[in-house]
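Novice: The structure follows.
The values are calculated or read from the model by the stated rules, or taken from the named source; none is laboratory data. Please read these numbers as outputs of a predicted model, since none were measured by experiment. Ideal geometry is used to build each Cβ from the backbone, glycine not excepted, and the neighbour counts take in all protein chains shown. What goes into the accessible areas is simple: the full protein's heavy atoms, side chains included, and nothing from ligands, DNA or RNA. Shrake-Rupley method; radii C 1.70, N 1.55, O 1.52, S 1.80 Å.
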Amino acid sequence: MSQWKQIQQLEIRLLEHVDYLYDDNFPMDIRQGLASWIESQDWDTAANDESMAAAQFTNLLSQMERVRSQEQNFLQRHNMKIIQQQLQIKYTTNPTVMARVISTCLREERRILSSACTQEQGPLEKSLQNSVAFERQTNLDNRVGIIRGSVQMMDQAVKYIEDVQDDFDFRYKTLQSRELSDRNSDAMKQEVTRLQEMLNRLDFKRKEILSKMDIVVKEIDDLMTSQLNPELQDWKRRQQVAAIGGPLLTSLDQLQSWLSLTAQSLFHVKRQLDKLGELVVKVTYESDPIPLQKPQLEERVKYLIYHIIKSSFVVEKQPCMPTHPQKPLIIKTGVQFTTKVRLLVKLPEVDYQLKVKTTFDKDLPPGRVSRQFFILTNNTKVMDIEDYSNGCLSVDFRHLQLKEKKYINGTKGSEGLLSVTEELHSLSFEACFTVQGLTIDLETCSLPLVVISNVSQLPGGWASVMWYNLLTHEPRNLAFFGNPPRAGWSQLSEVLSWQFSTFAGRGLNKEQLTMLGEKLIGQHVSCNDYHVSWSKFSKENIPGKPFGFWMWLDSILELIKKHLLPVWNENYIMGFVSKETERSLLKDRDRGTFLLRFSESHLGGITFTWVEHSDNGEVKFNSVEPYTKNRLSALPFADIIRDYKVISEGVVPENPLKFLYPDIPKDEAFGRLYNSQPCKVHPYISSTLIPISELRSHTSTTSPSCQSPEPPMTPGEFNMLNDHLCFDINTMSSPYSE
């Protein structure tokens with residue numbers, strides 16, 4: 001079943017989350033009309049590859065044109081045409097943005113489907129949903145709107161003051177031009193009285209507008225302190241969580257709108273204050289409130305403008321290698337990586353081109369790390385206005401590359417106790433510009449990075465990235481792994497499930513997480529407040545095994561992603577289940593019932609166990625030697641299940657696998673996943689790879705025993721078997737001959 005069909009079967013509560021994903025950036029009409037095609041494309045890679053994104057965008061438009069030409073409903077054809085034109089305007093010059101939008105939507109769909117399967121949200125996801133409550137957004141919309149309305153009303157008040165002052169100025173100068181002999185006349189006295197009344201009114205209006213400005217500035221200050229700044233910090237926290245596979249529930253565009261509108265109100269108030277300063281030059285008097293109050297108000301407005309712009313300079317896209325789009329914040333030396341910074345405030349004017357400079361490990365104390373790096377490629381770019389960002393400035397660094405510094409006599413910096421993947425680094429961004437007479441220095445930095453020199457360090461690096469962003473909100477605590485905190489199992493298990501929903505399309509259920517918890521921390525897993533140390537998670541070996549917990553789990557993720565994805569997403573792999581639980585589940589099932597689980601003794605291995613019942617009622621369990629990536633590269637796993645044979649005491653080889661647990665006929669479960677395409681090479685006879693194991697006789701025991709058939713046959717065993725069987729198996733061969 002396609003992902004989109006699964007989405008449509010969700011309950012209304014979850015469908016509301018899906019509805020939130022789609023807007024003008026990627027209309028749901030397109031998702032519906034091109035569901036199968038969209039799901040068959042690699043949008044993750046395209047989001048980091050401009051040429052691939054451009055090709056995908058062209059293909060998308062072609063697919064839309066095809067669907068539109070087949071549509072019978074005139075209104076639907078018209079709507080599709082409008083959407084097609086809008087997408088062309090929006091993405092023709094920025095196809096990677098389109099790929100990123102679609103990639104995010106598909107990923108969020110998978111997360112929503114995964115949450116529907118688990119039926120229980122973890123503490124991190126619940127906290128993120130609470131932080132973006134609808135009421136809070138509505139309140140922010142209202143406050144920003146009220147402030148804008150107040151500022152516009154002040155515009156009218158300033159205009160009224162200007163009109164009154166011009167009238168007063170004209171009358172006053174006219175009065176001064178009169179002859180001295182006329183100044184004692186009744187008409188002159190009436191005019192002086194009228195001028196005094198006008199001056200009193202002017203003084204009242206000046207005090208009134210300054211009071212209103214003071215109220216508005218205080219309201220903006222409170223808005224920034226109590227809501228905008230926390231909202232910005234919440235977005236940054238959500239970005240951290242999204243980086244390690246969690247949900248990204250709020251669009252950056254909404255935050256940008258609030259910040260831009262608030263900044264525009266501040267710029268507007270500043271212009272109003274400038275106008276009042278111009279009025280004072282023409283008309284002033286004793287106890288004039290403008291010279292007394294304007295300087296203080298102006299300083300407060302400048303301060304708020306400075307801070308709202310400075311805080312709105314953010315890393316929109318954290319550093320990431322295009323080769324590993326789902327594992328950001330890990331950089332390999334000599335490999336290009338991308339990153340993007342954005343100014344969330346729309347500026348009224350900039351005096352010159354806004355250049356952004358990147359620096360690696362800026363202001364890092366000497367001896368802090370054992371390795372030092374520099375940016376090999378051009379590290380300065382000019383910010384551009386992107387159409388899709390509503391006039392805001394951004395800059396996309398697409399070809400950055402790190403190189404390790406050479407050391408005299410081959411010695412590096414001070415060697416510490418931290419491993420390469422525990423050393424954290426930072427990428428800084430700086431810019432300086434002048435707007436409306438204000439000079440503003442901008443600076444922001446990426447989340448801490450792990451720099452590796454070999455892909456074998458990637459799993460360890462990703463463990464560090466997960467641990468950091470799970471446990472701290474700090475944007476640049478590079479000494480974090482000097483004394484890393486422990487992680488609560490309830491939080492850690494949620495993040496582990498995210499790894500499966502991100503990389504494999506389906507997260508882990510409660511039972512699977514419980515088994516993982518027992519493997520990591522023992523029977524204490526039932527206590528959600530049990531805390532796991534960093535060393536136990538990533539550095540220490542599992543008792544009796546030559547590898548650690550995370551290395552084992554990461555190898556399973558890679559196995560699923562590369563070889564087991566269709567079977568995993570059909571929920572056919574029970575996966576994480578102990579041998580004891582496995583036997584408990586199978587013992588009362590029909591002969592040939594089997595289940596699929598990941599090996600606990602091999603890195604990246606999957607095995608199946610089936611149950612047999614002897615005539616005397618004895619229950620036997622048989623487990624095949626785990627299949628690893630080497631074997632699965634030769635034969636798809638579904639085909640292994642279909643063709644698997646066992647040789648037992650001279651009996652004709654047969655497939656012992658009958659029912660997928662609990663009682664699904666094997667072919668019914670895996671039939672559509674079989675690879676049945678015949679060989680097209682002629683004149684050769686087509687061949688089939690068949691995995692065969694030998695179930696050797698053994699002495700029966702009173703307790704159920706797990707017998708481990710041998711791997712598929714060697715060529716010698718194959719020839720002996722061929723000589724003794726009563727049917728021709730010349731087309732059979734072993735993909736695993738050693």
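Novice: When you check LEU564 against the structure, is it open to solvent by less than 10 Å² (accessible area, probe 1.4 Å), touching a residue at least 60 places away in the same chain (Cβ under 8 Å) and among the hydrophobic types (A, V, I, L, M, F, W, C), yes or no?
Specialist: When the stated conditions are applied, LEU564 passes them.
Conditions tested, residue by residue: (1) buried (at least 16 other Cβ atoms within 10 Å of the Cβ); (2) more than 29 Å from the chain's Cα centre (by Cα); (3) acidic (Asp, Glu).
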position	(1), (2), (3)
LEU261	yes, no, no
PHE267	yes, yes, no
LEU276	yes, yes, no
TYR285	no, yes, no
ILE290	yes, yes, no
PRO319	yes, no, no
THR338	yes, no, no
VAL341	yes, no, no
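Novice: Looking at this structure, is ILE309 open to solvent by less than 10 Å² (accessible area, probe 1.4 Å), more than 34 Å from the chain's Cα centre (by Cα) and at pLDDT below 95?
Specialist: In short, no.
Novice: A follow-up question, please. Suppose we filter region 36-87 for residues that are over 26 Å from GLN336 (Cα atoms), open to solvent by 80 Å² or more (accessible area, probe 1.4 Å) and touching a residue at least 24 places away in the same chain (Cβ under 8 Å); how many remain?
Specialist: 2
Novice: Going through region 529-570 one residue at a time, which ones are in a loop (DSSP other than H, G, I, E, B), under 26 Å from the mean Cα position of the chain (by Cα) and at pLDDT below 85?
Specialist: Just the residues of region 529-570 that are in a loop (DSSP other than H, G, I, E, B), to begin with: 529-530, 533, 540, 542-547, 570.
Right, trim to under 26 Å from the mean Cα position of the chain (by Cα) and you get 533, 570.
Once the filter is applied, which keeps residues that are in a loop (DSSP other than H, G, I, E, B), under 26 Å from the mean Cα position of the chain (by Cα) and at pLDDT below 85, region 529-570 yields only GLU570.
Novice: Here's something else I'd like to know. When region 486-497 is examined, which residues are found to be out of contact with any Asp or Glu (no Cβ under 9 Å at 6 or more places or on another chain) and either free of Cβ contacts under 8 Å to residues at least 40 places away in the same chain or among the hydrophobic types (A, V, I, L, M, F, W, C) (or both)?
Specialist: ALA487, LEU492, VAL495, LEU496
Novice: In addition: Taking region 381-392 only, how many residues are under 24 Å from SER428 (Cα atoms), open to solvent by less than 100 Å² (accessible area, probe 1.4 Å), at pLDDT below 85 and not in a loop (DSSP other than H, G, I, E, B)?
Specialist: Going through region 381-392 one residue at a time, the tally reaches 2.
Novice: Can you pull out the residues in region 583-595 that are surrounded by fewer than 21 Cβ atoms within 10 Å (Cβ to Cβ) and either at negative phi or of a type in the set (A, V, I, L, M, F, W, C) (or both)?
Specialist: Initially, region 583-595 is screened for residues surrounded by fewer than 21 Cβ atoms within 10 Å (Cβ to Cβ), giving 583-585, 587-592.
Hits for region 583-595 are ARG583, SER584, LEU585, LYS587, ASP588, ARG589, ASP590, ARG591.
Novice: Something else about it: Any idea which of (1) touching an Asp or Glu at 6+ places or on another chain (Cβ under 9 Å); (2) within 30 Å of LYS519 (Cβ to Cβ); (3) at pLDDT below 90 is the one ILE640 doesn't satisfy?
Specialist: (1)
Novice: Of all residues in region 596-643, which are in a loop (DSSP other than H, G, I, E, B), open to solvent by 30 Å² or more (accessible area, probe 1.4 Å) and either of a type in the set (A, V, I, L, M, F, W, C) or closer than 11 Å to LEU657 by Cβ (or both)? It would help to see each step written out before you state the result.
Specialist: Restricting attention to region 596-643, the residues satisfying the condition of being in a loop (DSSP other than H, G, I, E, B) are 599-605, 614-618, 624-626, 628, 633-636.
If we keep only those that are open to solvent by 30 Å² or more (accessible area, probe 1.4 Å) as well, we get 600-603, 614-618, 625, 628, 633-634, 636.
Within region 596-643, LEU603, ALA634 qualify.
Novice: Let me ask something else about it. Collect the residues in region 193-218 that are among the hydrophobic types (A, V, I, L, M, F, W, C) and open to solvent by less than 80 Å² (accessible area, probe 1.4 Å), keeping them in residue-number order.
Specialist: LEU195, MET198, LEU199, LEU202, ILE209, LEU210, MET213, VAL216, VAL217
Novice: Pick from region 435-484 the residues that are free of Cβ contacts under 8 Å to residues at least 60 places away in the same chain and closer than 30 Å to GLN353 by Cβ: which of them is surrounded by the most Cβ atoms within 10 Å (Cβ to Cβ)?
Specialist: ARG476
Novice: Could you check LYS357 against (1) under 31 Å from the mean Cα position of the chain (by Cα); (2) open to solvent by less than 70 Å² (accessible area, probe 1.4 Å); (3) modelled with pLDDT of 90 or more and say which number it fails?
Specialist: So LYS357 meets the others, but not (2).
Novice: Report, by residue number, each residue of region 442-474 that is assigned to a loop (DSSP other than H, G, I, E, B) and out of contact with any helix residue (DSSP H, G or I) (no Cβ under 7 Å at 6 or more places or on another chain).
Specialist: The answer is SER446, SER453, ASN454, GLU474.
Novice: If the Cβ limit is 6 Å and pairs must be 6+ apart or interchain, which residue in region 226-242 that is over 16 Å from THR104 (Cα atoms) and in a helix (DSSP H, G or I) pairs with which residue that is of a type in the set (Asp, Glu) and open to solvent by less than 10 Å² (accessible area, probe 1.4 Å)?
Specialist: Partner pairs satisfying both residue conditions: none exist.
Novice: Sticking with this one: Taking the criterion of being in contact (Cβ under 8 Å) with a residue 40 or more places away in the chain, touching a Phe, Trp or Tyr at 6+ places or on another chain (Cβ under 6 Å) and surrounded by 13 or more Cβ atoms within 10 Å (Cβ to Cβ), would at least one residue in region 649-659 satisfy it?
Specialist: Looking for residues that are in contact (Cβ under 8 Å) with a residue 40 or more places away in the chain, touching a Phe, Trp or Tyr at 6+ places or on another chain (Cβ under 6 Å) and surrounded by 13 or more Cβ atoms within 10 Å (Cβ to Cβ), one finds at least one in region 649-659, hence yes.
Novice: Anything in region 485-498 that is surrounded by 22 or more Cβ atoms within 10 Å (Cβ to Cβ) and within 21 Å of the chain's Cα centre (by Cα)? List them, or say none.
Specialist: LEU492, SER493, GLU494, LEU496, SER497, TRP498, listed by residue number.
Novice: Continuing with this model, one more query. Might you let me know whether region 362-380 holds any residue that is closer than 30 Å to GLN254 by Cα, at pLDDT below 80 and open to solvent by 40 Å² or more (accessible area, probe 1.4 Å)?
Specialist: No, region 362-380 contains no residue that is closer than 30 Å to GLN254 by Cα, at pLDDT below 80 and open to solvent by 40 Å² or more (accessible area, probe 1.4 Å).
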